[in-house]
Amino acid sequence: MPRVRIFIACSLDGYISGAGDDLSWLPEPSEELGDEHGFDGFLSQMGALLMGRNTFNVADAYEGDWPYGDLPVLVATNRPLSTRQSTVRPVIGPINELIEDARDCCKEGDIYLDGGNLIRQALDENLIDEMTITIVPIILGKGSPLFSGVKMRQSLKLRHSKTLQDGMVQLTYRTVPEQER
C-alpha cells in the first residue's frame, strides 16, 4: 500500500510561507549543488500528489516549468478549479477519503501530501507515514504555520538528519503509530 509522505521546507519558527504566501525566503535551487535537498529523488518515488488549494494556487502561479511533471495531482478544493495542467484534478471530502482517492491514482509509488492544512488534518487522523522537513535558518515571525492547530500530540522517530548548504537542516521522521506510543 502506498505510504503517505511529506517533503516540505519551513522557517526556524515553523512557517511554510510568510505573510501573503510569500516564498521569497526559500533558497533558489543551485545547478552546482544538483539535488542536494533530495526533492527530485523524493518526487521520483511518488505515484500521486495530494495538495491543498492554497498550495496549488501558489504552485500554479509559478512562472517556471511545472515542478511535478506528469505526476497525477489531486487538489483538495470545494471551489471550481481552472488550470493549464492536464495532470491536475479537483477532489473533495474528508482527509481519509482524499488519501484514498490519491491511493486509487497511484500506479506505483507513494503519496506526496502537501499543504499545511491537509498535513495537519492527516496528522490528526494518523494518516502520515513519513515527514521530511527542511529547516531554513530564517525567522519569519508570521505567515502560514506548519503544525499550529494540530489537535493531538504526535510522536515521531528520527530516521535521518542531514546538514545542507547555507545552514539548512533536513530531518526525516517516521510517525509512531498509536499502538507503539
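Taken over the range 14-26, residues that are out of contact with any Lys or Arg (no Cβ under 9 Å at 6 or more places or on another chain) and assigned to a loop (DSSP other than H, G, I, E, B) amount to 6. Looking at P2, is it within 22 Å of D129 (Cβ to Cβ), part of a loop (DSSP other than H, G, I, E, B), in contact (Cβ under 8 Å) with a residue 40 or more places away in the chain and not β-branched (V, I, T)? Answer is yes for this residue.
In a residue-by-residue description of the range 61-72, the property of being of a type outside the set (S, T, N, Q), at pLDDT 95 or above and out of contact with any Ser or Thr (no Cβ under 9 Å at 6 or more places or on another chain) applies to no position. When the range 166-181 is filtered for residues that are modelled with pLDDT under 95, more than 21 Å from D13 (Cβ to Cβ) and not aliphatic (A, V, I, L, M), the ones remaining, listed by number, are T175, P177, E178, Q179, E180, R181. Set side by side, the residues D60, D40 differ, and just one is outside any loop (DSSP other than H, G, I, E, B), farther than 17 Å from I119 by Cβ, acidic (D, E) and within 14 Å of the chain's Cα centre (by Cα), which is D40.
Per-residue answers, yes or no, for (1) surrounded by 13 or more Cβ atoms within 10 Å (Cβ to Cβ); (2) more than 21 Å from G38 (Cβ to Cβ):
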site: I135; (1), (2): yes, no
site: I139; (1), (2): no, yes
site: K151; (1), (2): no, yes
site: G167; (1), (2): no, no
site: Y173; (1), (2): yes, no
site: P177; (1), (2): no, yes
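In the range 103-128, the qualifying residues are those that are among the hydrophobic types (A, V, I, L, M, F, W, C) and more than 14 Å from the chain's Cα centre (by Cα), and the one that is nearest to T175 (Cα to Cα) is C106. Yes or no: R89 at negative phi, of a type outside the set (A, V, I, L, M, F, W, C) and in contact (Cβ under 8 Å) with a residue 24 or more places away in the chain? No.
The values are calculated or read from the model by the stated rules, or taken from the named source; none is laboratory data. These numbers were taken from a predicted model, which means no experiment stands behind them. A quick note on method: Cβ atoms are made from the backbone with ideal geometry, for glycine too, and the neighbour counts reach across all protein chains shown.
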